[in-house]
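Structure first, commentary second.
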Amino acid sequence: LINEAGIEELKDLTDLKDILNINGEEVFLQNDKELVWKSNGNDIFYQGVTDKKLPIDLNIKYYLNDEEIALDDLMGKSGKVTIKLEYKNNVNKYVNINGKNTLLYTPFVVTMGMIVDAKNYTNISVNNGKVINNGTKNIIIGLASPGLYASLGLKELKNMDSIEINLETSSFELASIYSVVTPKLISEE
């Protein structure tokens with residue numbers, strides 16, 4: 001919770017349980033779903049636990065020379081590797097549009113990032129993204145918006161539910177793959 005005004009109390013609504021302040025000593029009072037933080041003018045960073053389904057599911061498949069392979073079996077192998085990240089949007093509802101009930105998905109945007117060594121990986125490409133080489137590392141960035149094609153039906157958006165990374169390697173090692181999901185496309189700023 002960003003406290004730009006520096007106020008003493010911040011209110012938030014949450015479904016989370018076992019709430020923990022992860023960046024300070026500020027305390028809160030909870031009344032059902034409402035939290036009232038005694039912020040003392042500070043920003044509040046907290047976490048909690050939920051039993052709700054995540055808004056986005058991720059399924060990752062690995063291929064070596066166009067044959068699907070388990071990650072454990074891929075480690076240390078050489079050849080053409082494909083990593084396919086398939087995102088599934090779980091947040092939708094029917095909306096009446098011009099008298100017709102239409103299923104619409106919350107417009108989430110997924111930004112994926114991965115950094116791999118330039119010496120061990122060559123011929124890197126990514127759909128819906130870009131590869132940047134700084135001489136020693138390749139930075140792979142991809143975008144997805146799962147459910148957008150199903151909501152709008154525009155053919156330009158057909159492959160926006162997944163990100164596919166292709167590369168060649170002499171010895172595959174899995175680098176960290178980060179996915180950041182947000183329902184905000186672009187802030188006003």
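The values are calculated or read from the model by the stated rules, or taken from the named source; none is laboratory data. All values derive from a computational prediction rather than experimental measurement. Neighbour counts run over all protein chains shown; Cβ positions are idealised from the backbone, glycine included. Keep in mind that these areas ignore ligands, DNA and RNA; they rest on the heavy atoms of the full protein, side chains included. Shrake-Rupley method; radii C 1.70, N 1.55, O 1.52, S 1.80 Å.
Comparing Asn133, Asn21, Asn101, which has the greatest mean-square fluctuation in the GNM of the chain with Cα pairs linked when under 10 Å apart? Between Asn133, Asn21, Asn101, it is Asn21 that shows the largest mean-square fluctuation. Taking the inverse of the mean reciprocal distance over all distinct Cα pairs, the Kirkwood hydrodynamic radius of region 23-63 comes to 13.7 Å. Ordering Val116, Ile22, Asn59 by Cα displacement along the dipole of the chain toward the positive end leaves Asn59 in first place; charges were set at the Cβ atoms of Lys, Arg (+1) and Asp, Glu (-1).
Taking θ as phi - 60° and the Karplus parameters 6.51, -1.76 and 1.60, the scalar couplings of region 84-98 work out to 10, 9, 10, 9, 10, 7, 9, 10, 8, 7, 7, 10, 7, 10, 6 Hz in sequence order, x denoting glycine and proline. Building the convex hull from the alpha-carbon atoms of the chain and averaging its projection over directions returns 15.7 nm². Between the exposed loop cleavage positions of the chain, defined as trypsin sites (Lys or Arg not before Pro) in a non-H, G, I, E, B DSSP state with at most 15 neighbouring beta-carbon atoms within 10 angstrom, the longest gap is 78-118. Considering only Gly41, Gly129, Gly76, the Gaussian network model of the chain with Cα springs below 10 Å gives its largest mean-square fluctuation to Gly41.
Rounded, prolate or oblate: pick one for region 1-105, where a ≥ b ≥ c are the square roots of the eigenvalues of its C-alpha gyration tensor, a/c under 1.5 means rounded, and failing that, prolate if a/b is larger than b/c, else oblate. Because a/c hits 1.5 or more and a/b fails to exceed b/c, region 1-105 counts as oblate. Modelled spin labels at Glu86 and Ile22, positioned 7 Å past Cα toward Cβ, are 3.0 nm from each other.
If only the Cβ of Lys and Arg carry +1 and only the Cβ of Asp and Glu carry -1, the dipole of the chain around its Cα centre is close to 760 debye. Charged side chains reduced to their Cβ positions (Lys and Arg at +1, Asp and Glu at -1) give region 67-148 a dipole of some 340 debye around its Cα centre.
With protein chains left intact and a 1.4 Å probe, residues in region 85-189 average 64 Å² of accessible area per residue.
For a label point 7 Å from the Cα of Ser125 along Cα→C-beta, name the residues of region 144-188 whose backbone N is under 13 Å from it. Inside the label zone: 164-168. When the solvent-accessible area of region 26-129 is split by element, carbon and sulfur atoms take up 49 percent of it, the probe being 1.4 Å. Other residues lying with their Cβ under 15 Å from the Cβ of Gly153 contribute a combined charge of +1, Lys and Arg counting +1, Asp and Glu -1. Of the GluC sites (Glu not before Pro) found in region 7-53, the ones in coil according to DSSP and having at most 12 other Cβ atoms within 10 Å of their Cβ are Glu8, Glu25.
Charges on Cβ only, +1 for Lys and Arg, -1 for Asp and Glu, centred on the Cα centroid of region 67-136; of Asn90, Tyr105, Ile132, which one is farthest towards the dipole's positive end? Result: Tyr105, furthest along the dipole toward the positive end.
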